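A.B. asks: First the structure, which I've put down as structure tokens, then a few questions once you've had a look.
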Protein chains: 2
Amino acid sequence: MTRNSSREEWADQIAALDSAPARKEPITVGRIVGTALELVRAEGFDALTMRRVAAALGTGPASLYAHVRNKADLDDLLIGTLSRNITLPEPDAREWRAQVVDVCGQLRDQFLRHPGIARAALNAPPANLDTLRITEGLLALFVAGGVAVRTAAWTIDALLLYVSAYTVESSLRGSVDRDEMLARLGMLPVNRFPLVVEHASELNSGEGHERFEFALRLMLDGLG
Amino acid sequence: MTRNSSREEWADQIAALDSAPARKEPITVGRIVGTALELVRAEGFDALTMRRVAAALGTGPASLYAHVRNKADLDDLLIGTLSRNITLPEPDAREWRAQVVDVCGQLRDQFLRHPGIARAALNAPPANLDTLRITEGLLALFVAGGVAVRTAAWTIDALLLYVSAYTVESSLRGSVDRDEMLARLGMLPVNRFPLVVEHASELNSGEGHERFEFALRLMLDGLG
DNA sequence: TTCGTGAGTAGAACAGTGTTCGTGTCCGAC
DNA sequence: GTCGGACACGAACACTGTTCTACTCACGAA
């Protein structure tokens, strides 16, 4: 050990006075998922890169691959943790439909709180344990409502697909300029788009999540 | 001009005997979209790269940006051309539902023929002229069926979202190992997933596009 | 106490990606 | 015939996910 190297060590130790407490806590899957989720919440799904997560943890991207197989694997973990936040109600045969709508609403809100993450939900494998928990819970609601299992399974499939698609779309149009949209529709040639032009305002109607709940009711009211 | 350079020119001219006819035809938006679509059809949406498209056209990626604003712009053009392939039926009040199902089926097939392109459809701006043509056509069918315009508009929105989500999902699971899936479901703890385990086969049922048509009927049968 | 040993960490690099800059080149209109 | 402007494109930039390869360092065995 030369004098120089001991000097460097000395400097490192001094620098470690600040960074040590951050460096010391080991990298775990939990910390990775946590910072990733926070990153998505703050800057959207496109900002979620291995480098950004690693940097937020004070390290390089290579360190993450000891705990996570892939970026795709990380995505699955994210939607898993999101799914774990969903509370499944005790089935009540008299208002099972409202309970289903509530669960879907929870999912929607979880997804919208983390803009763009629904894209990961569409790509996630259907065998994920946490999403299966939701499927189980929804299935129980349908069974309580007296719906045949096969019908219930297919309806649940459609519902979850719709929730994902809805959240994907509505999280990338951040508060659409409805006026702008109406103006554009107004510019269309009436002979080619008679209905669209005439009912432009109806096409763009729907406050908050009206369209969302409408679609859910559409699928549920035909059952039982 | 040295002798050498004229030699090079000579060599270039000889080489041009083959590449000239390919080089001569100018790059147009149509040729870009065509080769891009063919690329997606052959190798999937992930293989759609500016570089790949440019290479297939015998040039570099920079050349594309004279005709296309973005990759996102190219994606929009692609789903535009796909939408233009949809044939809209003349509304028949007696079987308007079947007509709607048919149009959605055309869309589904177009998307599945180009695996993964549905992801672009979800991100496409709703003001696209070609998709508005489809909206107009569907709206006409609903109006012929006596459905209120606002209800029709919202239902169409839900339908198109579902079609996109369905095709996204079913184009990335290339012929799922249903046996594998059933085996995994069988390994689940019965106390936590009683319904899923018991009805595993029902959960994975559905041949061809049965689930697809079921979901469409689900949304349509509640109307009118 | 000393010595591995193996898991966890991380720097550097690779093959890709979308996109832009500046230079070139060639065709058509004056 | 000459000029101008649209088009084409090589090179480069800032990114991305991922892997290779060293390297540290705490823990248990001899």
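A.B. asks: Any idea which of (1) more than 9 Å from chain B (Cβ to nearest Cβ); (2) open to solvent by 30 Å² or more (accessible area, probe 1.4 Å) is the one A:ASP157 doesn't satisfy?
C.D. replies: (1)
A.B. asks: Let me ask something additional. Closer than 21 Å to A:VAL168 by Cα and modelled with pLDDT of 95 or more, is that true of A:LEU88?
C.D. replies: Numbers: closer than 21 Å to A:VAL168 by Cα: no; modelled with pLDDT of 95 or more: yes.
Judged against the criteria, A:LEU88 is not a match.
A.B. asks: Looking at segment B:56-77 only, could you name the residues that are in contact (Cβ under 8 Å) with a residue 12 or more places away in the chain, within 10 Å of DNA strand C (Cβ to nearest atom) and within 21 Å of the chain's Cα centre (by Cα)?
C.D. replies: Residues satisfying the conditions are B:VAL68, B:LYS71, B:ALA72, B:LEU74, B:ASP75.
A.B. asks: Looking only at segment A:95-106, count how many residues are in contact (Cβ under 8 Å) with a residue 60 or more places away in the chain and open to solvent by less than 50 Å² (accessible area, probe 1.4 Å).
C.D. replies: So the count comes out to 4.
A.B. asks: Tell me which residues, restricted to segment A:69-86, are within 8 Å of DNA strand D (Cβ to nearest atom) and of a type outside the set (S, T, N, Q).
C.D. replies: Filtering segment A:69-86 down to residues within 8 Å of DNA strand D (Cβ to nearest atom) leaves A:69-74.
If the condition is that a residue be within 8 Å of DNA strand D (Cβ to nearest atom) and of a type outside the set (S, T, N, Q), then A:ARG69, A:LYS71, A:ALA72, A:ASP73, A:LEU74 are the ones that fit.
One line per residue, one yes/no per condition, for (1) under 29 Å from B:ARG173 (Cα atoms); (2) within 14 Å of chain A (Cβ to nearest Cβ):
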| residue | (1), (2) |
| --- | --- |
| B:PHE45 | yes, yes |
| B:LEU82 | yes, no |
| B:LEU122 | yes, yes |
| B:ALA127 | no, yes |
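A.B. asks: Within segment B:40-52, work out how many residues are crowded, with 19+ Cβ neighbours inside 10 Å and away from DNA strand D (no atom under 14 Å from the Cβ). Spell out how you get there, then give the answer.
C.D. replies: Within segment B:40-52, the subset crowded, with 19+ Cβ neighbours inside 10 Å is B:40, B:45, B:48, B:50.
Applying the additional criterion that residues be away from DNA strand D (no atom under 14 Å from the Cβ) yields B:40, B:45, B:48.
Residues in segment B:40-52 being crowded, with 19+ Cβ neighbours inside 10 Å and away from DNA strand D (no atom under 14 Å from the Cβ): 3 in total.
A.B. asks: Then there is this: Just one of (1) modelled with pLDDT under 95; (2) more than 7 Å from chain B (Cβ to nearest Cβ) trips up A:LEU138, so point out which.
C.D. replies: Checking A:LEU138 against (1) modelled with pLDDT under 95; (2) more than 7 Å from chain B (Cβ to nearest Cβ), the one that fails is (1).
Residues checked against (1) within 12 Å of DNA strand C (Cβ to nearest atom); (2) at pLDDT 95 or above; (3) under 22 Å from B:PHE214 (Cβ atoms); (4) assigned by TED's automatic domain parsing to the domain that holds B:ALA42:
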residue: B:ALA54; (1), (2), (3), (4): yes, yes, no, yes
residue: B:ASP92; (1), (2), (3), (4): no, yes, no, no
residue: B:VAL101; (1), (2), (3), (4): no, yes, yes, no
residue: B:LEU107; (1), (2), (3), (4): no, yes, yes, no
residue: B:PRO115; (1), (2), (3), (4): no, yes, no, no
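A.B. asks: Okay, moving on. In contact with a Ser or Thr (Cβ under 7 Å, 6 or more places away or on another chain) and more than 8 Å from DNA strand C (Cβ to nearest atom): does that describe B:VAL40?
C.D. replies: No: the conditions fail for B:VAL40.
A.B. asks: Scan A:MET187, A:MET181 and give me the residue that is among the hydrophobic types (A, V, I, L, M, F, W, C), within 16 Å of B:ASP157 (Cα to Cα) and either surrounded by fewer than 19 Cβ atoms within 10 Å (Cβ to Cβ) or in contact (Cβ under 8 Å) with a residue 60 or more places away in the chain (or both). It would help to see each step written out before you state the result.
C.D. replies: Values: A:MET187 fails: within 16 Å of B:ASP157 (Cα to Cα).
Just a single option satisfies the conditions, and that option is A:MET181.
A.B. asks: Filtering segment A:190-211 down to residues that are more than 9 Å from every other protein chain (Cβ to nearest Cβ) and more than 16 Å from B:LEU139 (Cβ to Cβ), which residue is modelled with the highest pLDDT?
C.D. replies: A:HIS209
A.B. asks: Test of understanding: among B:ALA183, B:ALA124, which residue is small (Gly, Ala, Ser), under 23 Å from A:PHE193 (Cβ atoms) and not assigned by TED's automatic domain parsing to the domain that holds B:LEU37? I'd like the intermediate steps shown before the answer.
C.D. replies: Values: B:ALA183 fails: under 23 Å from A:PHE193 (Cβ atoms).
Just one listed residue meets the conditions, B:ALA124.
A.B. asks: Let me ask another. Do you know which residues across segment B:102-120 are hydrophobic (A, V, I, L, M, F, W, C) and more than 10 Å from every other protein chain (Cβ to nearest Cβ)? Lay out the reasoning, then the answer.
C.D. replies: Start the filter on segment B:102-120 by keeping residues that are hydrophobic (A, V, I, L, M, F, W, C), which leaves B:103-104, B:107, B:111-112, B:117-118, B:120.
Within segment B:102-120, B:VAL103, B:CYS104, B:LEU107, B:PHE111, B:LEU112, B:ILE117, B:ALA120 meet the criteria.
A.B. asks: Then there is this: Quick check on my filter: what residues within segment A:26-75 are outside any helix (DSSP H, G or I) and more than 13 Å from A:GLY116 (Cα to Cα)? Give the steps one after another, and end with the answer.
C.D. replies: Quick first cut of segment A:26-75, residues outside any helix (DSSP H, G or I) only: A:26-28, A:44, A:48-49, A:57-60, A:67-70.
Matches in segment A:26-75: A:PRO26, A:ILE27, A:THR28, A:THR49, A:LEU57, A:GLY58, A:THR59, A:GLY60, A:HIS67, A:VAL68, A:ARG69, A:ASN70.
A.B. asks: Could you go through segment B:80-89 and let me know if any residue there is surrounded by 22 or more Cβ atoms within 10 Å (Cβ to Cβ) and either on the phi < 0 side of the Ramachandran plot or outside the structural domain of B:GLU210 (by TED's automatic domain parsing) (or both).
C.D. replies: yes
A.B. asks: Can I ask one more? Among A:GLU90, A:GLU95, which is of a type in the set (Asp, Glu) and assigned to a loop (DSSP other than H, G, I, E, B)? Let's see the steps before the verdict.
C.D. replies: Details: A:GLU95 fails: assigned to a loop (DSSP other than H, G, I, E, B).
Going through A:GLU90, A:GLU95 in turn, the sole match is A:GLU90.
A.B. asks: So which residues in segment B:212-224 are open to solvent by 50 Å² or more (accessible area, probe 1.4 Å) and either facing another protein chain (nearest Cβ under 7 Å) or at pLDDT 95 or above (or both)? Give the derivation first.
C.D. replies: If we filter segment B:212-224 for residues that are open to solvent by 50 Å² or more (accessible area, probe 1.4 Å), which is where we start, we get B:213, B:217, B:221-222, B:224.
Of everything in segment B:212-224, those that are open to solvent by 50 Å² or more (accessible area, probe 1.4 Å) and either facing another protein chain (nearest Cβ under 7 Å) or at pLDDT 95 or above (or both) turn out to be B:GLU213, B:ARG217, B:ASP221, B:GLY222.
The values are calculated or read from the model by the stated rules, or taken from the named source; none is laboratory data. It should be emphasised that the depicted structure is a prediction, and the values quoted were computed from it without experimental measurement. Every residue, glycine among them, receives a Cβ derived from its backbone with ideal geometry; neighbour counts consider all protein chains shown. Only protein heavy atoms, including side chains, enter the accessible area calculation; ligands, DNA and RNA are left aside. Shrake-Rupley method; radii C 1.70, N 1.55, O 1.52, S 1.80 Å.
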